[in-house]
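Quick notes on the structure that follows.
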Amino acid sequence: MSLNVPEVSISCLCGAAKQVVALRFPNEQATSRQLNIIFCHCYACRHSSGLLYTSYVPIQPPQSLDGLVHNPDETAHVRRYFCGTCGCHIFQREQGSSGDAVGDDRLWSVATGTIIGRAGTEEGADRESGEADGGKELPFFKFAGHVNVAGTKDGGLSPFINLVSAPREPGVYGHTDEAPPPPTISATQEGKNVLEVRCHCRTNRFRITRPDASSRAPRSGFPDLMVPFAASPREVVSNPHTEKWWLRPPDSAAGPTRYLAGTCACRSCRLASGFEVQTWAFVPRCNIFFFCGTASPDAATSEDTLVPLDFAALPKGILRSYKSSSGVLREFCPRCGATVFWHDRWRPDIVDVSVGLLDAPEGARAETWLDWWCGRVSFAEDAGNGRSGGAAHWAQSVVESLARGLRSWEEEKGETAV
Ligand SMILES: [Zn+2]
Ligand SMILES: [Zn+2]
Ligand SMILES: [Zn+2]
């Protein structure tokens, strides 16, 4: 391995995937020492991560796949490896166009959110690389564009992350924007009141229903998205007037029709998914109904039974839980690695649902269902937490760009409403 090839430390949330990987410069980027990073918005990336996009950095073949799993059904030329314990996406391998599954080892890449810093940098070390390691700074990670945006219909998160102006051609990244599965009921009248949700392998299939009287029953403090925990007094965060903030609009005469949604850049979301920006919808548990059955995972059939979401009663094998801190559980799909839920013991009846799994007919942002909070990226100040050098700077620039983009979207929406 050449001395000139920078090595980086990577990790997932549980630490099982911790290792050092060597970066790989595509030919045209070798002289500039710059790695172009492309955000992919394709259906498979959204539904296997639970996020609205994924991003990877090219690497040499990794030393170890210990503790990692991949969706055994993945027949496309992209294989996604994720941590079997915490669900974090770690590697992606493009299989090459020949159909040869094992021949081409040049096309590995690592999920950007797992990169901590230069090899030897421990997580949390506040070390500016460039000095301590003899001047060998990490290569510059450069945002190079969005691909496979068309399938999102509404652009997903792409309109808000505008670090470049020139769009990239789909296909440069090896992904194709595969068609979503045919709608089951979304096109019908009933479909207006039911939102289909699926992970990529369809082990997780459930429905979200419109807000109703029971949606008001839960009590909950405000999320960091609305009231920043670090900067707000406890008595404000606790939601003393028991506002039903997850229902949108919260106090309309006609009743709420949507749920709150937003973006999160906290360290745990990053290391549980592998990417810098998680997207969550806040949905009462009573409005979530799971498909449980032995039927084909391809479509809802009569053999399927719809059951209200009860984490204790779901059949084994549908969700795997990881306790990311005391009282906090994150669920992911054990087969395809999609993040699915976040919930905690203080508000057991409101759960965060990964927006990337939604199959709303109008588009990836599901705007007839979700009201996006644009005032803040939750835990934006956490973007570089536990990272150093170029990896930290990269994360901060992405999150700052997203925050700016969301604020201008809100201003535009305000103007059209007047
Ligand atoms: Zn892990
Ligand atoms: Zn993709
Ligand atoms: Zn799955």
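Here are the numbers for this structure:
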{"read-out": "Per-region count, the stretch 257-274, residues assigned to a loop (DSSP other than H, G, I, E, B) and open to solvent by 30 Å² or more (accessible area, probe 1.4 Å)", "value": "1"}
{"read-out": "Any hit, the stretch 278-294, residues being within 16 Å of ligand 1 (Cβ to nearest atom), touching a residue at least 40 places away in the same chain (Cβ under 8 Å), open to solvent by less than 40 Å² (accessible area, probe 1.4 Å) and not hydroxyl-bearing (Ser, Thr, Tyr)", "value": "yes"}
{"read-out": "Whichever residue in the stretch 67-89 is modelled with pLDDT under 95 and assigned to a loop (DSSP other than H, G, I, E, B) and, among such residues, is most open to solvent (accessible area, probe 1.4 Å)", "value": "THR75"}
{"read-out": "Single residue of ASP382, ASP359, ASP352 found to be among the charged types (D, E, K, R), in contact with a Leu (Cβ under 9 Å, 6 or more places away or on another chain), in contact (Cβ under 8 Å) with a residue 60 or more places away in the chain and in the same structural domain as ARG210 (by TED's automatic domain parsing)", "value": "ASP359"}
{"read-out": "Number of the condition not met by TYR56 [criteria: (1) open to solvent by 20 Å² or more (accessible area, probe 1.4 Å); (2) at negative phi]", "value": "(1)"}
{"read-out": "Residues within the stretch 332-360 that are more than 19 Å from THR263 (Cβ to Cβ) and open to solvent by less than 10 Å² (accessible area, probe 1.4 Å), tallied", "value": "3"}
{"read-out": "Qualifying residue in the stretch 14-25 (condition: crowded, with 19+ Cβ neighbours inside 10 Å and under 18 Å from ASN148 (Cβ atoms))", "value": "no"}
{"read-out": "Count - residues of the stretch 10-37 that are part of a strand (DSSP E or B) and either in contact with a Gly (Cβ under 6 Å, 6 or more places away or on another chain) or without any contact (Cβ under 8 Å) to a residue 60 or more places away in the chain (or both)", "value": "2"}
{"read-out": "Top-ranked residue of the stretch 202-215 - restricted to ones that are in contact with a helix residue (DSSP H, G or I) (Cβ under 8 Å, 6 or more places away or on another chain) and not acidic (Asp, Glu), ranked as surrounded by the fewest Cβ atoms within 10 Å (Cβ to Cβ)", "value": "SER214"}
{"read-out": "Qualifying positions in the stretch 385-418 - touching a residue at least 60 places away in the same chain (Cβ under 8 Å), open to solvent by 10 Å² or more (accessible area, probe 1.4 Å) and within 27 Å of PRO211 (Cα to Cα)", "value": "TRP409"}
{"read-out": "Residue list for the stretch 215-239, filter: assigned to a loop (DSSP other than H, G, I, E, B) and of a type outside the set (A, V, I, L, M, F, W, C)", "value": "PRO218, ARG219, SER220, GLY221, PRO223, ASP224, PRO228, SER232, PRO233, SER238, ASN239"}
{"read-out": "Count of residues meeting criterion [more than 16 Å from ligand 3 (Cβ to nearest atom) and either open to solvent by 10 Å² or more (accessible area, probe 1.4 Å) or of a type in the set (Val, Ile, Thr) (or both)] in the stretch 26-49", "value": "12"}
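The values are calculated or read from the model by the stated rules, or taken from the named source; none is laboratory data. The structure displayed is predicted, hence computed values, not measured ones. Note that each Cβ is placed from the backbone with ideal geometry, even for glycine, and that neighbours are counted across all protein chains shown. Remember, those area values only see protein heavy atoms, side chains included, never the ligands or the DNA or RNA. Shrake-Rupley method; radii C 1.70, N 1.55, O 1.52, S 1.80 Å.
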